[in-house]
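One structure is given here, and the rest of the page talks about it.
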Amino acid sequence: MKGSTRARVVAGMAALGLLLAACSGAKTETGGGGSAGGAKGTVKIAINPWVGYEANAAVVGYLLEKELGYKVENKNLKEEVSWQGFETGEVDVILENWGHDDLKKKYIEEKKVAVEVGPTGNQGIIGWYVPGWMAEQYPDITKWQSLNKYADLFKTSESSGKGQLLDGDPSFVTNDQAIVNNLSLKYKVVYSGGEAASIKTAEQAARQRKPLLFYFWEPHWIHSQEKFVKIDLPAYKTGCDADPKKVACDYPPYVLDKIASKKFADTGGKAYQLIKNFKWTNENQNEVANAMTNDKLPAEQAAKKWVDAHKDVWQAWIPTS
């Protein structure tokens, strides 16, 4: 995580919790390779705080339990803390990883406690967005060179006289403060606190025609319900984000992937094979995420609804031997 100081503090506290749990002899079941907990063992899935990830986990967890007979234990963790869980044995798998080359280098190449499990099939985009009505009323507002001209539109009580750029959870992948600084933009990064707060603000901005410039991403169900237009930041080129303090370019396109603990990869049996085979589309994920968010279905019910309707997709994930 290229997170802020606040994010590192949160990550540190959570990491301490994992360490204490391990040192105190807390139950640390092996992954799905045949440990105690269920007929075939327990799979410990990290749950990162956005609904698209939760949709992945809901469907994978449902199939592990209903089709293969495993027990699933979900762990609500920030991204970087999830990686630390590979080392302590608290996490078997991350089901949606956004880049994190630094963490791959640390936990896969150097510590050798994690492995790549392949893509989820989802194509990820991170960027800055404005409501569709703003792009229509101010046609050049989607060019980064024009943002300073419109900064006054985005002033809020929290933006210190500058335009506000609304970010979400401070632990999310973000280069926004560096981009603002290095492009000399008259904006202040303000954190909403999380995905739900950003969605509420974005929906109000779209429906009530309130100016808003905000950090968001795809895949996400909201893009099927409200129109938002992505800002054209300077094009991403390989290496333009190598130094976090000097970033002045857009985010790269992300091929979202899965990461597992080395132990789980070696001993996880059919549970690991199902997760390795798991691959779906942005539309698949949005369907489950929308059911969880807007239809208010619990994760298991949302997963069952999707599983019942898409046997042709998930049947290929089930190991045959």
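Miscellaneous remarks
- In segment 59-84, residue farthest from the chain's Cα centre (by Cα) [restricted to those that are farther than 22 Å from residue 270 by Cβ and assigned to a helix (DSSP H, G or I)]: 84
- Among the residues listed as 46, 58, the single one being crowded, with 23+ Cβ neighbours inside 10 Å and either modelled with pLDDT under 95 or under 21 Å from residue 221 (Cα atoms) (or both): 58
Each row is one residue, and each column tells you yes or no for (1) open to solvent by less than 30 Å² (accessible area, probe 1.4 Å); (2) modelled with pLDDT of 95 or more; (3) part of a strand (DSSP E or B); (4) not polar (S, T, N, Q).
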| residue | (1), (2), (3), (4) |
| --- | --- |
| 152 | no, yes, no, yes |
| 158 | no, yes, no, yes |
| 172 | yes, no, no, yes |
| 179 | yes, yes, no, yes |
| 204 | no, yes, no, no |
| 236 | no, yes, no, yes |
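- Candidates 298, 244, filtered to the one that is open to solvent by 30 Å² or more (accessible area, probe 1.4 Å) and modelled with pLDDT under 95: 244
- Selection within segment 73-98 - under 22 Å from residue 303 (Cα atoms) and surrounded by fewer than 22 Cβ atoms within 10 Å (Cβ to Cβ): 73, 74, 75, 76
- Pair list, Cβ under 7 Å, 6 or more apart: segment 92-104 residue at negative phi and in a strand (DSSP E or B), other residue among the charged types (D, E, K, R) and at pLDDT below 95: none
- Members of segment 272-295 found to be crowded, with 18+ Cβ neighbours inside 10 Å and over 22 Å from the mean Cα position of the chain (by Cα), listed by number: none
The values are calculated or read from the model by the stated rules, or taken from the named source; none is laboratory data. Remember, it's a predicted structure, so these values are computed and weren't measured experimentally. Here Cβ is always computed from backbone atoms with ideal geometry, including for glycine, and neighbour counts include all displayed protein chains. These area figures cover heavy atoms from the full protein model, side chains too; ligands, DNA and RNA do not enter into them. Shrake-Rupley method; radii C 1.70, N 1.55, O 1.52, S 1.80 Å.
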